[in-house]
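The values are calculated or read from the model by the stated rules, or taken from the named source; none is laboratory data. Keep in mind the model is a prediction, meaning the values are calculated, not measured. Don't worry about glycine lacking a Cβ; one is built from the backbone with ideal geometry, like all the others, and counts go over all protein chains shown.
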Amino acid sequence: MALPKRIIKETERLMAEPAPGIQAIPHDDNLRYFDVIISGPAQSPFEGGDFKLELFLPEEYPMAPPKVRFLTKIYHPNIDKLGRICLDILKDKWSPALQIRTVLLSIQALLSAPNPDDPLANDVAQHWKENEQDAIKTARQWTAQYAHA
Amino acid sequence: MAKVPRNFRLLEELEKGEKGIGDGTISYGLADGDDLMMSNWNGTIIGPGHTVHENRIYSLKITCGNDYPDRAPTVSFLSKVNLPAVNQKTGKVERLACLDSWKRSYTIETVLAELRREMANPSNKKLSQPAEGTFF
């Protein structure tokens, strides 16, 4: 099963020049399937946590977006209980000009800027809107409880 | 072809199951919506018409191990049913063609659909059945 050149190039660059706070390593037995770790951004409720994700490049990639989900539990209005992520570039705003790197940077940015007006986890979003300080406190607790390596 | 890893395959199956399958005579969903590993599933089969199973609702549990879909899930009836495929002591499905010669392209839906066909199979559709609403 030949891997498209674009995927090989992207992988090489991810390994050689990783983005700060982001690690992505392909599985030996499936080079379209990556183990990802994103460090919680400074000044966010996720600071200090290492969040595990999995990323898969479907057959149609780059015409279709990568599939990504969190494997570490996280309290965030745009991430649901199964780790699925509500992010426009993973859906209708995907463009083949985007890359694995840009996707992971966008997810990292989503951790810094939760968007409770476009929620995936409704209960979390409501908490965020009604009492942001308290929601952030819960997010910090979850980070400490689940995201410490 | 790209080989879809277990978890993304199960997410696809989950989304299909949430939308509802065909006429609703089979359905399935996660047993625990918080289970990040998506291992345990509930299934339902509505007994096919013109058989002893007509209008009965059968509950099943399906377990997808770490090597799913390279290996078949384990499937058990919770509701009592008399079928040659089903162990009459435990409810476990032990003889079903799709489980015995499992292929990676098969899904939870494949298994439930085949079980429903087994119920309608001429050699099974008149088998005497345990009382409705009893469990293994």
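Scanning segment B:28-40 for residues that are surrounded by fewer than 18 Cβ atoms within 10 Å (Cβ to Cβ) and assigned to a strand (DSSP E or B) turns up B:G29, B:N40. Among all positions in segment B:10-24, there is at least one residue which is buried (at least 16 other Cβ atoms within 10 Å of the Cβ), in contact with a Lys or Arg (Cβ under 9 Å, 6 or more places away or on another chain) and either within 14 Å of chain A (Cβ to nearest Cβ) or within 17 Å of B:F136 (Cβ to Cβ) (or both).
For segment B:41-58: of the residues being farther than 17 Å from B:E114 by Cβ and in contact (Cβ under 8 Å) with a residue 24 or more places away in the chain, which is surrounded by the fewest Cβ atoms within 10 Å (Cβ to Cβ)? Applying the filter and picking the extreme gives B:H50.
Scan segment A:47-93 residue by residue and report those that are touching a residue at least 60 places away in the same chain (Cβ under 8 Å), more than 10 Å from the chain's Cα centre (by Cα) and more than 9 Å from chain B (Cβ to nearest Cβ).
From segment A:47-93, those touching a residue at least 60 places away in the same chain (Cβ under 8 Å) are A:47-51, A:72-76; that's our starting set.
From the residues that got through so far, the ones that are more than 10 Å from the chain's Cα centre (by Cα) too are A:47-50, A:72-76.
Within segment A:47-93, A:E47, A:G48, A:G49, A:D50, A:I74, A:Y75, A:H76 meet the criteria.
One residue alone among A:E54, A:E10, A:E47 is surrounded by fewer than 16 Cβ atoms within 10 Å (Cβ to Cβ), modelled with pLDDT of 95 or more and not aliphatic (A, V, I, L, M), and that residue is A:E47. On inspection, B:Y68 does not qualify as not in a loop (DSSP other than H, G, I, E, B) and not basic (K, R). For segment A:133-149, the condition holds for at least one residue, the condition being that it is farther than 29 Å from A:E10 by Cβ and at pLDDT below 95.
Does B:N82 satisfy the criteria of being away from chain A (no Cβ under 14 Å) and not in a loop (DSSP other than H, G, I, E, B)? Break it down stepwise before answering.
Numbers: away from chain A (no Cβ under 14 Å): yes; not in a loop (DSSP other than H, G, I, E, B): no.
Considered against the rule, which asks whether it is away from chain A (no Cβ under 14 Å) and not in a loop (DSSP other than H, G, I, E, B), B:N82 comes out as no.
Residues in segment A:23-36 that are surrounded by fewer than 19 Cβ atoms within 10 Å (Cβ to Cβ) and away from chain B (no Cβ under 12 Å): A:Q23, A:I25, A:D28.
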